[in-house]
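Here is the structure we will look at, set down as structure tokens.
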Amino acid sequence: MRRNLSLLCLALGLVSLTAPPARADEPPGWVPSDEPESLPPPPPAPPPPRPGPTTYTIEQRELSEGPTKMASPAAFYVGTILAGVGLLGVVTGLVIRADLPETECTDCPAAEKRSASLGLILGGGLGMLIGIPIAVAGGRNVPDQPSWARPTVFVSPRGGALTWTF
């Protein structure tokens, strides 16, 4: 009996492996075909990833452009500080002005604050008006060598020349 039971289990296992189970949307007895003609073509392979940069380029300048430097670092820093202090004065004056009461009185402490705030606003605006052009003029790029220090070379079949222009 035991032998018959093991043969029965073996037969049942083989039958279940050879016949695929039917899905709900398939008619009974339907067997899918795995022939290559009946299968749709596989989707195309995705393109390979783009390689990352392996080299880095450095900003290139023309040969006629020499190295540059800041026109006047001191003027740039002084102008920047002057414009920053001016902006701080304008903001401080506006904050003081916004805190004042709306009433006009000549002998109350608000009159002194009103004139102080007006002075801060005007002085800060003047500082910004002067500081910004000084910072721009001091921060512009100029050639590292003066133009007269670069000679002009002239070469011809009969000779050559080296000239400086002052």
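Beta carbons closer than 6 Å, at least 6 apart along the sequence or on distinct chains, pair a first residue in the range 97-118 that is free of Cβ contacts under 8 Å to residues at least 24 places away in the same chain with a second that is part of a helix (DSSP H, G or I) for L100/A110; L100/K113; L100/R114; P101/A110; K113/I96.
Give the range 74-108 a look and list any residue that's open to solvent by less than 60 Å² (accessible area, probe 1.4 Å) and under 31 Å from the mean Cα position of the chain (by Cα), or say none.
Hits for the range 74-108 are A75, G79, A83, G84, G86.
The values are calculated or read from the model by the stated rules, or taken from the named source; none is laboratory data. From a predicted model like this one, the values you see are computed outputs, not experimental measurements. Methodologically, a virtual Cβ is constructed for each residue, glycine included, from the backbone with ideal geometry; neighbour enumeration extends over all protein chains shown. Keep in mind that these areas ignore ligands, DNA and RNA; they rest on the heavy atoms of the full protein, side chains included. Shrake-Rupley method; radii C 1.70, N 1.55, O 1.52, S 1.80 Å.
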